[in-house]
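*Asks:* So that we are looking at the same thing, I have put the structure below in structure tokens.
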Amino acid sequence: MIFKNFVDMHSHTNHSFDGNYPIEELCESSIERGIKTVAFTDHVEMDFFREKEFDKTADESFADIVRAKELFKDRIEICVGVELGQPTYNVKESEELISSKDYDFVIGSIHNLRDMEDFCYLKYDGADIDALLRTYWNELKLLADWAKFDTFAHLTYPLRYIVGENKIPVDMAKYQKDVDEILSILVSKDKALEINTSGLRQPIGITMPAEDIVKRFKALGGKMVTVGSDSHFTEHMGAGIEQGMQLAKNCGFDSVCIFRKRQPVEIPIE
Ligand SMILES: [Zn+2]
Ligand SMILES: [Zn+2]
């Protein structure tokens, strides 16, 4: 391991619809891998909050993480987290949820456009990619502006499917103004940007966002980054975190953040 401080701020237990392992196994795997702090951040998709019973998921996941935090407290630090999907599509219940639970850490995400499926399920053959991406950037601006999260998840998420899986090239230079605007809002709201390392083990082969965007965030005044594997499996706990921390360093950050009781704590990259 290159760094002695090894933290993973994005992972899913079997309380996520796409999660696979109970929290105890994920904790054991994290400890084995030398992770010092781990955040469990199960999916709560706010646009289907009651319809798909994410209200129940939120309660069950929260209780389980709190239980594990106590159980493992002498062996690993656990941040009680949540990945809020599309909170801007259901602001009222999102704000109620995060104020009703004593979370350490809230991730803000967009997985789908309004009244559409997750980008992972869309068919891109013949699709108007430019229109999809323009709508996506606009939704990200609204999410950044809402700002009641701690870190802004996997910017460029659709590229995992468009570029990575469907091999459709996207010229990101066209969207620099949009990306700059999103990053500037995050800076003005004093939010962290997530370096999501899941792309490193997927066909896209790079972090979300890529290094040039993290550099741009720094240049625009960004102060905080989090690094997360977005693991859904024991074997992916901490995956790509060292590369993610190295990338943060390359972009001029000398620390990554963890969150305790919604407050950022800087962990030196060393
Ligand atoms: Zn996500
Ligand atoms: Zn996730």
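*Asks:* Return the residue satisfying two criteria in turn: it lies in the range 131-165 and is assigned to a helix (DSSP H, G or I) and of a type in the set (Ser, Thr, Tyr), and of such residues it is nearest to ligand 1 (Cβ to nearest atom).
*Replies:* Tyr157
*Asks:* With the condition kept exactly as written, say whether any residue in the range 85-100 is of a type in the set (A, V, I, L, M, F, W, C), surrounded by 13 or more Cβ atoms within 10 Å (Cβ to Cβ) and within 16 Å of ligand 2 (Cβ to nearest atom).
*Replies:* No: the range 85-100 contains no residue that is of a type in the set (A, V, I, L, M, F, W, C), surrounded by 13 or more Cβ atoms within 10 Å (Cβ to Cβ) and within 16 Å of ligand 2 (Cβ to nearest atom).
*Asks:* Let me ask something additional. Is it fair to say Ala239 is buried (at least 17 other Cβ atoms within 10 Å of the Cβ) and either away from ligand 1 (no atom under 16 Å from the Cβ) or without any contact (Cβ under 8 Å) to a residue 12 or more places away in the chain (or both)?
*Replies:* Here the answer is no, as Ala239 does not meet what is asked.
*Asks:* Kindly indicate which of Ile213, Ile258 is of a type outside the set (D, E, K, R), touching a residue at least 40 places away in the same chain (Cβ under 8 Å), more than 16 Å from ligand 1 (Cβ to nearest atom) and in a strand (DSSP E or B). Walk me through how you get there before you give the answer.
*Replies:* On the way: Ile213 fails: in a strand (DSSP E or B).
So the residue among Ile213, Ile258 that is of a type outside the set (D, E, K, R), touching a residue at least 40 places away in the same chain (Cβ under 8 Å), more than 16 Å from ligand 1 (Cβ to nearest atom) and in a strand (DSSP E or B) is Ile258.
*Asks:* Oh, and also: Any chance the range 166-175 includes a residue that's touching a residue at least 12 places away in the same chain (Cβ under 8 Å), within 22 Å of Tyr136 (Cα to Cα), within 16 Å of ligand 2 (Cβ to nearest atom) and not in a loop (DSSP other than H, G, I, E, B)?
*Replies:* no
*Asks:* Please go through the range 109-118 and pick out each residue that is near ligand 1 (Cβ under 10 Å from one of its atoms) and either in contact (Cβ under 8 Å) with a residue 60 or more places away in the chain or not small (Gly, Ala, Ser) (or both).
*Replies:* Those that are near ligand 1 (Cβ under 10 Å from one of its atoms) and either in contact (Cβ under 8 Å) with a residue 60 or more places away in the chain or not small (Gly, Ala, Ser) (or both): Ile110, His111, Asp118.
*Asks:* Which of the residues spanning the range 69-97 are more than 13 Å from Thr41 (Cα to Cα), touching a residue at least 12 places away in the same chain (Cβ under 8 Å) and outside any loop (DSSP other than H, G, I, E, B)?
*Replies:* Hits for the range 69-97 are Leu71, Glu77, Pro87, Thr88, Tyr89, Val91, Glu93, Ser94, Glu95, Leu97.
*Asks:* Okay, moving on. For the range 15-27, does any single residue satisfy the condition of being away from ligand 2 (no atom under 16 Å from the Cβ), within 15 Å of Ser229 (Cα to Cα) and among the hydrophobic types (A, V, I, L, M, F, W, C)?
*Replies:* yes
*Asks:* Spot the failing condition for Arg160; the list is (1) within 18 Å of His15 (Cα to Cα); (2) in contact with a helix residue (DSSP H, G or I) (Cβ under 8 Å, 6 or more places away or on another chain), and only one is missed.
*Replies:* The one condition Arg160 does not meet is (1).
*Asks:* Something else about it: Quick check on Ser61: is it away from ligand 2 (no atom under 13 Å from the Cβ) and either surrounded by 21 or more Cβ atoms within 10 Å (Cβ to Cβ) or not in a loop (DSSP other than H, G, I, E, B) (or both)?
*Replies:* Details: away from ligand 2 (no atom under 13 Å from the Cβ): no; either surrounded by 21 or more Cβ atoms within 10 Å (Cβ to Cβ) or not in a loop (DSSP other than H, G, I, E, B) (or both): yes.
No; evaluated as a whole, the condition is false for this residue.
*Asks:* Here is a follow-up. If you scan the range 216-255, which residues turn out to be in a helix (DSSP H, G or I) and farther than 19 Å from Asp150 by Cβ? Step through it out loud before you land on a result.
*Replies:* Pass one, the range 216-255, residues in a helix (DSSP H, G or I): 216-219, 234-236, 241-250.
Selection gives Arg216, Ala219, Thr234, Glu235, His236, Glu242, Gln243, Gln246, Leu247, Lys249, Asn250.
Read the figures in this text as sums done on the coordinates, not as results from a lab. Quick caveat, the model's predicted, so the values are computed rather than measured. No Cβ is skipped: glycine too gets one built from the backbone with ideal geometry, and neighbour counts run over all protein chains shown.
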